[in-house]
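The structure under discussion appears below in the form of structure tokens.
The values are calculated or read from the model by the stated rules, or taken from the named source; none is laboratory data. Everything numeric here is computed off the predicted structure, so don't read it as measured data. Positions of Cβ are backbone-derived with ideal geometry, glycine not excepted, and every protein chain shown enters the neighbour counts.
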Ligand code: B12
Ligand code: SF4
């Protein structure tokens with residue numbers, strides 16, 4: 001039944017016009033992770049890096065007379081009173097949130113409330129969420145109206161599946177940023193495009209959002225910025241696009257509007273995003289992004305080995321010097337964080353030295369190096385399954401029990417081509433080398449030496465410190481906190497940090513923000529690297545000399561799903 005049909009039925013029309021109270025619950029991310037940036041968040045006075053942009057986007061699609069509230073389990077507890085208030089709970093997210101999503105479903109149902117799940121993991125693995133009352137699969141724009149109509153017509157169970165890649169993102173409403181509590185997050189997300197034109201074998205983006213990037217229009221995106229500005233938000237905004245330059249023509253048409261908006265408002269926002277490395281080939285794009293005030297880019301480099309890049313279908317990373325490409329981005333004024341993966345079939349021998357050399361030559365301080373993980377619903381997973389090499393999902397839960405392995409240490413959910421022990425040892429060696437204090441700060445210094453941040457006209461900025469130093473008052477307070485925290489928590493890095501700070505202050509004060517970012521990331525990444533190394537050591541020790549190469553913990557190689565990391569106690 002459509003909304004129009006439902007409204008034509010008198011009793012249902014009365015029901016449809018009733019206010020509903022919808023509680024959105026963002027599930028907690030499981031375990032320690034490269035991305036949860038715990039220590040960095042503490043410096044920023046935040047509790048988690050970023051808000052659940054998907055859930056607040058869905059909230060904006062609900063009928064205007066429905067009331068919404070958000071509880072983010074990464075920053076606060078879900079209490080009885082929240083559930084008693086709600087008529088309906090909506091939840092869901094990505095894979096590392098699955099255990100908590102399942103726990104939320106149980107608790108909500110125990111309170112006699114219906115629960116709707118959606119988001120990338122629900123879409124990729126709907127079978128894991130059969131217990132939910134409603135499952136909404138795919139992009140909500142294409143399907144949420146059907147759910148609303150079904151709910152209004154009295155249905156209390158169902159699965160709704162959007163047609164793939166058909167959602168018209170030019171109709172996506174402004175996310176309900178008003179539901180967020182500002183101090184809980186380091187940065188907010190905005191989305192311009194969905195989808196990526198490339199076909200990397202391990203990636204689920206193209207399965208979830210398609211290969212033809214769909215973009216919002218400029219007015220729509222600027223209206224989102226207006227809303228954030230009105231709400232008083234300033235500072236870091238992440239374009240959560242899968243590949244910001246996926247549709248270059250559309251982005252180049254949009255960026256001049258973004259630049260004008262930034263100029264008119266005195267540059268209240270600094271942007272980050274994710275882009276493929278061919279960004280470095282496009283001088284015009286780099287110049288536009290620089291002028292719009294993009295300050296950092298996440299790039300998937302994956303491997304130093306050309307054969308491996310070809311096997312994973314990442315041809316855009318071949319036929320180039322990866323280090324030179326990264327340096328071009330630095331010279332355009334943007335720092336680079338990059339992803340690297342170990343464990344591909346084509347690795348003939350150790351890749352550790354080559355990967356370390358590349359990370360050092362490119363001077364990438366924040367390098368996310370992890371084990372290959374076959375995500376559900378990818379070309380890689382289908383191939384491994386066909387080859388009989390895919391391990392059951394439960395295999396990985398045992399590493400979660402090893403003191404919360406993060407996603408970097410949780411990979412290899414398949415029978416590897418190369419010795420498993422050697423792959424794990426490679427990752428261990430890489431992390432030990434690249435995250436020593438000296439190696440990290442050396443890369444940060446080299447990167448900052450190349451980084452050419454623009455000097456923007458900030459005369460229209462509303463805050464004094466933004467006009468003079470390009471730093472908001474809030475950020476300035478955080479700098480004091482950063483010095484104190486490094487002194488207390490990472491005394492071994494304090495000397496290197498101070499030297500980098502004073503050098504940059506003398507040579508290029510525009511780059512000071514880069515110094516603070518690098519140092520605050522290292523507060524998290526230094527200890528995280530040591531933790532991951534300890535998990536890898538346990539994994540290596542659990543491989544029997546004469547076994548089939550898989551880790552064995554206790555008597556059962558494949559244990560059942562563990563309980564959620566924190567017993568889901570309700571606070572009243
Ligand atoms: C930003 C982002 C992050 C941020 C997280 C910010 C946050 N707090 O959410 C960071 C950088 C921290 C991150 C990390 C990771 N991420 Co991530 N991330 C993204 C990215 C690029 C954008 C997410 C976003 O905001 N999208 C914008 C919103 C509007 O889209 P959406 O969430 O899909 O929501 C739509 C629908 O899904 C649906 N929907 C969403 N929620 C709900 C709920 C209900 C009830 C309903 C009805 C519908 C619904 O409706 C929305 C509108 O259409 C996505 C890719 C993508 N395009 O979404 C990957 C993605 C979500 N990440 C992914 C992964 C794997 C990870 C990591 C594990 C590893 C990695 N790739 O680095 C880590 C784990 C982090 C951890 N702590 O453990 C996968 C998830 C795959 C899966 N099957 O679950 C994705 C899909 C892509 C990818 N391969 O990287 N990520
Ligand atoms: S370039 Fe990035 S988003 Fe695009 S397919 Fe490859 S890994 Fe996925």
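Things to note:
- Scanning segment 180-201 for residues that are surrounded by fewer than 20 Cβ atoms within 10 Å (Cβ to Cβ) and under 17 Å from residue 313 (Cβ atoms) yields 197, 198, 199, 201.
- Residue in segment 308-316 that is under 23 Å from the mean Cα position of the chain (by Cα) and more than 16 Å from ligand 1 (Cβ to nearest atom) present: yes
- One residue from 125, 153 being within 8 Å of ligand 1 (Cβ to nearest atom) and surrounded by fewer than 20 Cβ atoms within 10 Å (Cβ to Cβ): 125
- Hits in segment 113-132 - residues which are more than 24 Å from the chain's Cα centre (by Cα) and closer than 21 Å to residue 57 by Cα: 114, 115, 132
- The set of residues in segment 52-69 being more than 19 Å from residue 142 (Cα to Cα), more than 16 Å from the chain's Cα centre (by Cα) and buried (at least 18 other Cβ atoms within 10 Å of the Cβ) consists of 68 alone.
- Helices (runs of 4 or more DSSP H) wholly inside segment 419-498 containing at least 3 residues that are crowded, with 20+ Cβ neighbours inside 10 Å, at positive phi and at pLDDT below 85: none
- Residues of segment 196-223 that turn out to be more than 10 Å from ligand 1 (Cβ to nearest atom), closer than 30 Å to residue 382 by Cα and either assigned to a loop (DSSP other than H, G, I, E, B) or more than 20 Å from the chain's Cα centre (by Cα) (or both), as a count: 8
- Number of residues in segment 70-112 that are more than 23 Å from the chain's Cα centre (by Cα) and surrounded by fewer than 18 Cβ atoms within 10 Å (Cβ to Cβ) equals 11.
- Failed condition for residue 135, given (1) free of Cβ contacts under 8 Å to residues at least 60 places away in the same chain; (2) not in a strand (DSSP E or B): (2)
- Counting only helices (runs of 4 or more DSSP H) wholly contained in segment 224-317, the ones carrying 1 or more residues that are more than 30 Å from residue 468 (Cα to Cα) occupy 248-264, 306-311.
- Any pair with Cβ under 6 angstrom, 6 or more apart, that starts in segment 226-243 at a residue that is at positive phi and away from ligand 2 (no atom under 16 Å from the Cβ) and ends at one that is modelled with pLDDT under 95 and not in a helix (DSSP H, G or I): 235/472
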